[in-house]
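The values are calculated or read from the model by the stated rules, or taken from the named source; none is laboratory data. No experiment lies behind these values; they were computed from the predicted model shown. Quick reminder, even Gly has a Cβ in these numbers, built from the backbone with ideal geometry, and neighbours come from all protein chains shown. Quick note on the areas: whole protein, heavy atoms, side chains included, nothing else; ligands and nucleic acids left out. Shrake-Rupley method; radii C 1.70, N 1.55, O 1.52, S 1.80 Å.
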Amino acid sequence: MTATQYLLATLLTPLASAALIAFFLRRKGVLASLVSVAAAAAIFAFTVLAIPAPGESVVASWDWLTFGHFNVSMGFLFDGTSATMLTMVAFVGFLIHVFSLGYMADDKARARFFGGLSIFMFSMIGIILADNLIMIFIFWELVGFSSYMLIGHYLDTEEAAAASKKAFIVNRIGDLGFLVGIVYAYWHFGTTNLSEMQGIVAANSELISATIAALLACGFIGKSAQFPLHVWLPDAMAGPTPVSALIHAATMVAAGVYFLIRIAFLFPESILCGIAVLGTCVAVYAGFCAYGQNDIKKILAYSTLSQLGYMAAAFGLGFPGVALFHLITHAFFKALLFLGAGSIIHGCHHEQDIFKMGGIFGKMKITSITFLLGVLALCGVYGFSGFYSKDAILIAAGLQGNVLFALLTLGAFLTAGYMGRLVWIVFFGKPKSEAAEHAHESGLTMLLPLILLAVLSVAGGYMSLWPEQLGQIIRDGKDALHHLEGYDAMHQTVLILGSAAALVGLVGSFFFYGAGATEDRLEKKAGPVYGFLKARLWFDEIYGYYVAKIQQRFANLLSVLDIFVIKGVFVRGTAGVVGLFGMCSKSLHVGNIHGYVYWFLLGLIFFWVVAIGLF
């Protein structure tokens, strides 16, 4: 088989799995789960077989729709960047599928769940392989549909139903700008093909448009949950925990960052600066918000928001390779943390409040150790994968601006603080509920993915261990960073400050919260501060007020105009006038010769009067 055929197999395998489950296995949960897991394993195998040689790429395209001179094609652009991303998605996705075998074993609707995972993998792979903006947008919307379906898996709970709708609607707001940007890009460049647009821009840099870049970045703002469209991500934790790991840690939210990296050649300096500032603000904002959460999954959700901010900052600072590096390492340790949280929730009989846990380390040794390794990687402790990628972002910020560097360093300190809070409360002390008292270790299908992800969370930052075909854009980005003036001095500064931030955050959280705390001491000692953090700047309340008091009233006004003016006057009114005219005309045709003579004489008199008036 050729590389193109392997890529086709990679794309179509999860679609075939989803179709098989939907049509034949909806009531056979065990078989459906095995089919989906087998498909995920095949995806990873096909991906590895399709990886091109260093410096080479696989390009293929097929005409899909033709309207005159306008042609829509479906094609692949599989180079080092997409190979790196696809390998991560395929491997992490496979591990999450395996974990789901144990986590969803008692779920009556697991066939629907695994079918949703397969359709999501199909959608995500389509985004990664796409060679043009239109194809990216099609699969982009399929990812949105997949997330809607998976977040709302627990159909009988109001929380899941509301969260799935919220995620879908908020993402559509960003996608509207994305769609307008695609139309503008086609009008501006005459094509939506990524390679062709890059060639046009390389030949004439004056064709770079800030408007196109800003519109396309709207898709990133929605999908990667940046200001002001970040509100959907924490609520999306209402879905099953493997969904949180797959969609909202390793792949879906990272799709926005990957998309930016794919179209980096379209961005002028002004838009890059805006993205850097936006990402930095999100990184700090989400770090503060995490202190106001007691749900273990929502704490991790705000951590994801914060790390996405770091990726955006790296891209905005002009280092897309560094952004991709943090995207990859984050996928490893954040998937580990979410799956570890899922193992804890499963062992504690679906308890998610950290203040109702405690003593987990003594009851779930493997889950606890792997989770702690993920925490150290997230906090950027020296030697772990997060250290190498996050410190590269801090170095880039330090070399280009003191304000962004200070804020991102503050974000690192906040990360260590709220993760330390979670660790000391959940894993140490005494059990604080019946669920925690009877907590038990998970089975092999759940522990094996945790162990493998823990290994990657430790070793994933060592680029020397990566295959030569993968990560070239990351190596180039790091090399560009190394060659900047002042790199060595800034590297030493970041090494000291980054390590201090992690150490002070973890140790400080221990002294403030204590091991196995039964209540939130921040809430007790500084209630207004805790209330402010829990309110999250009242974004949800502001949006709720806008929807109920402004948007809904405007919609009611439009409804009245539609019913009474458009339908009443223009549609039914016009029809009524025509009908009345017809009735009047009909009355003239009485079928009586005498009547026709009278009307004839009246007509003559009318025209005689008119003629006299004119002359």
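The residues of the stretch 71-80 that are touching a residue at least 24 places away in the same chain (Cβ under 8 Å) and of a type outside the set (Val, Ile, Thr), listed by number, are Ser73, Met74, Gly75, Phe76, Leu77, Phe78, Asp79, Gly80.
Phe99 fulfils the conditions (1) open to solvent by 10 Å² or more (accessible area, probe 1.4 Å); (2) farther than 17 Å from Ala254 by Cβ; (3) not aliphatic (A, V, I, L, M) except for a single criterion, (1). In the set (1) in a helix (DSSP H, G or I); (2) crowded, with 24+ Cβ neighbours inside 10 Å, Gly380 fails one condition alone, (1). Residue pairs whose Cβ atoms lie under 6 Å apart, sitting 6 or more positions apart in sequence or on different chains, and linking a residue in the stretch 422-435 that is of a type in the set (D, E, K, R) to a partner that is surrounded by fewer than 22 Cβ atoms within 10 Å (Cβ to Cβ), are Lys430/Gly359; Lys430/Gly516; Lys432/Lys356; Lys432/Thr518.
Here the condition is being at pLDDT below 90, in a helix (DSSP H, G or I) and crowded, with 21+ Cβ neighbours inside 10 Å; of Ala454, Ala436, it holds for Ala436 alone.
Scanning the stretch 459-479 for residues being part of a helix (DSSP H, G or I) and open to solvent by 50 Å² or more (accessible area, probe 1.4 Å) gives a total of 6.
Condition check ((1) within 14 Å of Thr4 (Cβ to Cβ); (2) of a type outside the set (Val, Ile, Thr); (3) buried (at least 19 other Cβ atoms within 10 Å of the Cβ); (4) touching a residue at least 24 places away in the same chain (Cβ under 8 Å)) across all residues:
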| site | (1), (2), (3), (4) |
| --- | --- |
| Leu20 | no, yes, no, no |
| Arg27 | no, yes, no, yes |
| Ala32 | no, yes, yes, yes |
| Ala40 | no, yes, yes, yes |
| Val48 | no, no, no, yes |
| Pro52 | yes, yes, no, yes |
| Ala60 | yes, yes, no, yes |
| Leu65 | no, yes, no, no |
| His69 | no, yes, no, no |
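Would you check which residues across the stretch 99-123 are farther than 10 Å from Ile21 by Cα, basic (Lys, Arg) and part of a helix (DSSP H, G or I) and list them? Matches in the stretch 99-123: Arg110 only. Whenever a residue of the stretch 142-154 is farther than 20 Å from Lys297 by Cα, its partners that are of a type in the set (Asp, Glu), lying with C-beta atoms within less than 8 angstrom and at least six residues away or across chains, give the pairs Gly144/Asp175.
In the stretch 3-17, the residues that are within 13 Å of Phe44 (Cβ to Cβ) form Cβ pairs under 9 Å with partners that are polar (S, T, N, Q) and open to solvent by less than 10 Å² (accessible area, probe 1.4 Å), at six or more places apart or across chains, as follows: Tyr6/Thr47; Thr10/Thr47; Thr13/Ser118; Pro14/Ser36; Pro14/Ser118; Pro14/Ser123.
Quick grid of which residues meet (1) in contact with a strand residue (DSSP E or B) (Cβ under 8 Å, 6 or more places away or on another chain); (2) of a type in the set (A, V, I, L, M); (3) assigned to a strand (DSSP E or B):
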| residue | (1), (2), (3) |
| --- | --- |
| Ala32 | no, yes, no |
| Ala38 | no, yes, no |
| Ala41 | no, yes, no |
| Pro54 | no, no, no |
| Trp62 | yes, no, yes |
| Leu65 | yes, yes, yes |
| Val72 | yes, yes, yes |
| Ala90 | no, yes, no |
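Considering each of Ser442, Ser368, Ser389 in turn, give the residue that is assigned to a helix (DSSP H, G or I), closer than 20 Å to His350 by Cα and of a type in the set (Ser, Thr, Tyr).
Values: Ser442 fails: assigned to a helix (DSSP H, G or I); Ser389 fails: closer than 20 Å to His350 by Cα.
Result: Ser368 is the single residue among Ser442, Ser368, Ser389 that is assigned to a helix (DSSP H, G or I), closer than 20 Å to His350 by Cα and of a type in the set (Ser, Thr, Tyr).
Among all positions in the stretch 178-201, there is no residue which is under 15 Å from the mean Cα position of the chain (by Cα) and either surrounded by fewer than 18 Cβ atoms within 10 Å (Cβ to Cβ) or β-branched (Val, Ile, Thr) (or both).
Could you please find all residues in the stretch 277-298 being within 27 Å of Gly471 (Cα to Cα) and surrounded by fewer than 24 Cβ atoms within 10 Å (Cβ to Cβ)?
Initially, the stretch 277-298 is screened for residues within 27 Å of Gly471 (Cα to Cα), giving 277-280, 282-283.
If the condition is that a residue be within 27 Å of Gly471 (Cα to Cα) and surrounded by fewer than 24 Cβ atoms within 10 Å (Cβ to Cβ), then Val277, Leu278 are the ones that fit.
Looking at Ala341, Ala412 in this structure, which one is under 17 Å from Leu495 (Cβ atoms) and either crowded, with 24+ Cβ neighbours inside 10 Å or of a type in the set (A, V, I, L, M) (or both)? Step through it out loud before you land on a result.
Details: Ala341 fails: under 17 Å from Leu495 (Cβ atoms).
Just one listed residue meets the conditions, Ala412.
Put simply, of Leu372, Leu399, Leu378, Leu447 the only residue that is in contact with a helix residue (DSSP H, G or I) (Cβ under 6 Å, 6 or more places away or on another chain) and closer than 20 Å to Gly505 by Cβ is Leu378. Look at (1) surrounded by fewer than 24 Cβ atoms within 10 Å (Cβ to Cβ); (2) over 19 Å from Gly398 (Cβ atoms) and you find that Ala301 fails only one, number (1).
Okay, residues lined up against (1) under 27 Å from Ser100 (Cα atoms); (2) open to solvent by 10 Å² or more (accessible area, probe 1.4 Å); (3) at pLDDT 95 or above; (4) not aliphatic (A, V, I, L, M):
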{"site": "Leu229", "(1), (2), (3), (4)": "no, yes, no, no"}
{"site": "Leu233", "(1), (2), (3), (4)": "yes, no, no, no"}
{"site": "Ala236", "(1), (2), (3), (4)": "yes, no, no, no"}
{"site": "Ser244", "(1), (2), (3), (4)": "yes, no, no, yes"}
{"site": "Ile247", "(1), (2), (3), (4)": "yes, no, no, no"}
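Residues in the stretch 514-539 that are over 15 Å from Lys432 (Cα atoms), surrounded by 12 or more Cβ atoms within 10 Å (Cβ to Cβ) and not aliphatic (A, V, I, L, M): Arg521, Glu523, Tyr530, Phe532, Lys534, Arg536, Phe539.
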